[in-house]
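Only one structure is covered here, and it is reproduced in the block below.
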Amino acid sequence: MILRLALVLLAGAALAGEPGIAARLVGGTVAGLEGRHSGRMDLTGKESLLFEGGGAVLRIPFDHIHMLEYGQHVNRRYAEAILISPLLLLAKSRKHFLTVGFSDETGHQQVVVFEVGKRDVTAVLAGLEAKTGRRVEYQNEEARKSGKG
């Protein structure tokens with residue numbers, strides 16, 4: 001028990017250097033954010049979601065967010081099965097996507113889509129629900145199970 005607590009504290013200390021979680025901006029309607037950008041999503045601010053990566057900086061005030069949607073893309077590992085082992089056909093690769101709808105500073109509706117790591121999905125969804133007061137919409141029942149931890 002003490003060993004587990006020590007490991008958790010060490011892992012937390014190692015990650016404490018950079019705020020937020022690893023995420024990738026994969027698309028959206030915001031001008032100037034064309035292409036994919038890997039970076040960090042920070043929900044610890046009092047007023048806004050912050051994404052920084054690949055030279056892109058996106059700040060979305062929590063009170064401007066009007067829609068949160070979570071979904072997954074599930075893919076069988078066909079290439080790996082052909083190259084390595086047919087047993088890999090049994091394995092699935094999942095990508096976790098968060099769509100955030102919001103109003104920009106001019107009042108226009110915008111949307112951005114982030115890819116979030118499997119281990120961070122539950123924390124990101126809970127954090128956004130708490131900060132925005134909005135409920136996350138799930139694309140299907142499989143996404144609902146995964147998003148609830």
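Sort Y70, Y138 by Cβ crowding within 10 Å, fewest neighbours at the top.
Y138, Y70
Label point 7 Å out from E69 along Cα-to-Cβ: which residues of the stretch 25-43 have amide N under 19 Å?
Counting backbone N atoms under 19 Å from the label point, the list is 25-31.
Work out, step by step, the length gained on full extension between E105 and E18: first 0.36 nm times the residue separation, then minus their alpha carbon distance; give nm to one decimal.
Result: 28.6 nm gained on full extension.
Could you work out how much longer the chain between T122 and S38 gets when fully extended? Use 0.36 nm per residue separation minus the Cα distance between them, nm to one decimal.
Details: separation 84, 0.36 × 84 = 30.24 nm, distance 1.95 nm.
Between T122 and S38, full extension yields 28.3 nm more.
K118: which aspartates and glutamates have alpha carbons under 16 Å from its alpha carbon, excluding same-chain residues fewer than 8 sequence positions away?
Partners within reach: E69, E142.
Every number here is computed from the coordinates shown, using simple stated rules; none is lab data. Keep in mind it's a predicted model, so treat the numbers as computed, not measured. Cβ sites come from the backbone with ideal geometry, for glycine too, and all protein chains shown count toward neighbours.
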